[in-house]
1. Give me, ordered by chain and number, the residues 5 or more places off residue B:133 or on other chains with an amide H under 5 Å from its own placed amide H.
2. Which ³J(HN,Hα) values in Hz, rounded to whole numbers, follow from the phi angles of the range A:174-179 under the Karplus curve 6.51 cos²θ - 1.76 cosθ + 1.60, where θ = phi - 60° and Gly and Pro get x?
3. Can you give the FRET efficiency to the nearest 0.05 for residue A:5 and residue A:208, using r as the Cβ-Cβ distance and R₀ = 56 Å?
4. Which value at 222 nm does the protein assembly as shown reach when only helices count, each DSSP H run of 4 or more adding -39,500 (n - 2.57), with the total divided by all residues and rounded to the nearest 500 deg cm²/dmol?
5. Taking 24 Å as the cut-off for C-alpha to C-alpha distance, list the pairs among A:91/A:208; A:91/A:175; A:175/A:208; A:208/B:435 that go past it.
6. Within 10 Å of each residue's Cβ, count the other Cβ atoms and sort B:612, B:455 from fewest upward.
7. Any idea how far apart residue B:260 and residue A:109 come out in nm if each label point goes 7 Å out from Cα toward Cβ?
8. What is the order of A:90, A:100, A:3, fewest Cβ neighbours within 10 Å to most?
Amino acid sequence: MNDDRTLALIVEDEAPMRRFLKATLTNQEFRVIDAGTAKEGLSLFSSHRPDIVLLDLGLPDGDGLDVVARIRELSRLPIVVISARGREADKVNALDAGADDYVTKPFGTAELMARLRVALRHAAQARTGDLAPQVSVGTLTLDLERRVVMVADDEVHLTPTEYKILAMLARHLGKVVTHAQLLREVWGSTRSDQAHYVRVHMAQLRRKIEVDPVRPRLILTEPGVGYRLRET
Amino acid sequence: MTAVLKPAPPREKRVLLVCVGPSPFGETLVRAAQRVAEEAGCPWIAASVIDTVATSERAERACEDHLRLAESLGAEVVRLSGEDVARTIVGYAEQRGVGRIVVGKPTTFRLRSWLFGSVVDELIRLGGEVEVLVVRGEPGKVAAHLPTRGALGSWRAYLAAGAAIAAVTAIAMAAGRTIGLEDVVMLYLLAIMLVALRTRRGPAFFAAALSVGAFDFFLVPPLYTFAVKDVRHLLTFVVMFAVGLVISSLTLRIRRHEAAAREREERTRLLSELNRELGEVDDEPGLHDVFCRRVGAALAAKVRLEESRSPLVDSPGEMFPVAVAGSDLGAVRVDAHRPLDAEQRAFLDAACQRLAGAIERRHLTAEAQRAALRVRSEQIRSALLSSVSHDFRTPLATITGIATSLRDQPAMGADEPSRRELLATVCDEAERLEKLLSSVLAMTRLEAGAEVHREWVPLEEIVGAALARFEDKLEARAIHVEIPEDLPLLQLDAPLMTQVFVNLIENTLRYTPDGTAIHIAAHQEGASIRVFYRDAGPGLPEEVRRRAFEKFVRGDAPSSHPGMGLGLAICRGIVEAHGGTMVLSTGQGAAFELRVPIPEGGPRLGDAESMEVA
């Protein structure tokens with residue numbers, strides 16, 4: 001029997017958390033395989049070729065980053081890492097190593113599922129090369145072909161930089177984008193002394209498209225990590 | 001270096017020392033010493049003592065020959081310098097842990113030794129626990145008495161002596177009968193003493209002899225002859241000569257002692273200055289530096305310190321081993337024009353003690369600071385633990401209660417609305433726990449002294465992120481945020497700074513009724529940004545206001561509202577870790593003012609144009 005449900009690999013050493021994840025994903029129409037150690041996880045990855053990996057960074061027998069890197073050597077499949085509060089550097093490193101997104105413990109089901117689905121969707125789009133020409137979030141509409149940005153029927157004029165930022169976030173709709181990634185893709189720079197460019201332009205961008213720039217509802221801040229264009 | 005010396009080895013294996021002098025007997029002595037050392041199976045040292053002032057070059061060379069012989073026979077060779085042979089030898093022996101001293105005793109009679117005690121007697125007297133082995137000299141081998149250097153003095157001194165005596169003679173002759181012969185004797189003695197005060201032994205003795213001669217020839221009848229008519233005058237001559245000798249000897253000795261005392265005083269002064277300067281330096285390399293400089297200046301030598309792990313082989317100069325607790329020092333190397341004498345050694349020893357003291361002091365201070373830090377850490381930890389356990393238990397109790405009820409009493413969760421409500425409470429309590437945990441983590445990071453990781457962040461991003469953490473809880477409230485558009489960016493640890501506002505908002509939610517507004521405003525003032533947080537609630541009670549930022553202070557009785565007294569303390573800790581300040585502000589409700597310094601050369605929000613992509 002060909003089961004075309006999405007296969008998820010869970011790598012988590014804490015048994016109660018593993019049970020919860022397994023139950024939740026199964027309930028959400030996923031097929032689930034799970035492992036308790038990095039070694040087991042990598043072995044299951046090779047043998048079963050899952051569609052998505054949910055990986056805890058705090059594994060007892062290995063560095064989560066290592067696992068991400070090893071998986072990335074072989075596949076572009078979506079990886080979502082589980083991290084803890086206060087460990088922003090871990091998250092950024094994981095994203096740099098190739099992870100797609102993260103959830104922070106403690107997290108709720110809704111947040112988890114949202115991250116997984118977004119990651120899967122982007123992976124699928126990458127495979128088919130299919131990019132939505134139009135992105136709609138709340139009152140914001142972004143036409144990537146014609147380069148037009150509308151907020152509640154009013155056209156908004158963005159500078160080239162602001163547009164590039166928004167476009168990149170839109171291409172990663174729902175996924176987190178790190179400051180470094182933005183700097184690299186929009187400015188082509190990896191210089192840490194230019195890191196503030198992103199923040200300065202982000203503030204301007206928010207003033208133009210958010211109702212309340214201080215309390216953004218479209219582009220969310222992930223402190224210490226980056227930004228995320230929320231999908232409604 | 002008794003204070004810092006390594007402990008002496010057991011007596012049997014202790015070193016043997018042979019005292020070598022210039023006499024030809026020295027060769028026999030050296031060989032005898034070698035035999036003894038071989039029998040005992042112990043290492044041996046051959047030492048010569050040179051009085052740098054008095055020993056002649058010939059004597060030095062003779063000693064040197066003997067030392068070379070000893071070296072070829074396997075001895076360690078040491079050249080000491082000092083005025084008093086016995087004292088110098090004993091001093092060195094103590095330093096090296098010498099168990100036995102071998103010395104030679106000439107069989108020929110020497111007046112000086114008979115009068116003042118020989119070197120051997122002195123050694124025995126001063127030696128203490130050290131054995132003294134005396135090797136008898138071979139009969140017939142005369143110990144050549146070599147003149148001491150410098151005792152002869154320059155020809156000018158003799159001239160001066162002669163002139164002095166001539167002057168006295170002339171005065172006496174001119175005075176004729178008015179001065180009696182006894183008084184003339186006194187005048188001569190005075191002249192001899194003056195000569196002794198200003199010159200050396202040679203001219204002084206010459207003055208003594210000359211004065212007798214002049215006295216006899218010019219003043220004692222029969223005049224202008226050396227004949228003596230009155231036998232009493234002979235006695236006068238003898239006594240005059242003897243007294244002249246004694247006076248000049250004493251005067252010379254006084255001069256020498258005075259010079260030595262002055263040198264000692266000078267060294268004491270140098271030591272106290274060394275001490276003072278050592279006290280002003282904090283780090284070990286600095287202490288070494290001060291030591292080498294000061295001691296080098298005092299000894300007129302190049303002084304170096306070496307570590308026991310890396311000895312400087314082939315370096316010039318004498319090496320003195322040291323052992324200092326808590327340091328890697330192994331030896332002091334002194335490169336001077338000539339070997340150090342006993343006084344200089346004593347000075348070096350005292351200086352090393354000072355250095356050792358300074359190094360130890362440094363270690364102890366650092367240790368004490370560490371200990372104090374550990375104690376404080378422990379105190380904080382235990383206080384934290386008790387607070388944590390109380391404040392975590394309450395929400396956990398609620399969660400456990402609801403979860404077990406739903407599990408054991410199906411009727412409770414039967415209808416959807418009540419089930420949702422119960423579960424919503426569980427989620428709320430869990431969120432509360434999460435924020436507490438986040439707070440505690442931030443605090444432990446701060447207490448551990450972790451470096452704040454900074455990046456350029458606009459304040460509004462921090463405030464926005466904090467507000468977002470509360471999602472719909474803030475729905476019912478009016479939130480006013482006033483942050484100017486062109487506010488400079490700050491160098492902040494974003495997650496930590498966000499925690500500050502999270503804590504403030506959490507307090508507002510906890511202590512004010514629903515719907516109470518929140519105001520956040522900021523503006524630049526000089527080199528910092530002033531941020532105001534205010535809620536429109538009842539504000540902090542009077543008794544809490546004073547101690548608001550102390551840990552574990554709560555606005556209410558513990559049972560009514562859960563939550564730690566750490567919240568505000570953490571806020572302030574985070575702000576201060578960024579170099580800023582946080583205080584209570586005046587006004588209605590709970591009001592706080594934060595001040596955060598703006599780093600120089602930072603970007604502003606209005607700088608966007610310059611950063612446009614090309």
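No lab work stands behind these numbers, since they all come straight from the coordinates. Keep in mind it's a predicted model, so treat the numbers as computed, not measured. Cβ coordinates were reconstructed from backbone atoms using ideal geometry, including for glycine residues, and neighbour counts include every protein chain displayed.
1. B:101, B:102, B:103
2. Working through the residues one at a time gives x, 9, 7, 10, 7, 4 Hz.
3. Efficiency computed from Cβ-Cβ geometry: 0.85.
4. Helix contribution divided over all residues of the protein assembly as shown: -16500 deg cm²/dmol.
5. Beyond 24 Å: A:91/A:208; A:208/B:435.
6. Going from least to most buried by this count: B:612, B:455.
7. With each label point 7 Å from Cα toward Cβ, the separation is 10.0 nm.
8. If I rank by nearby Cβ atoms, fewest first, I get A:3, A:90, A:100.
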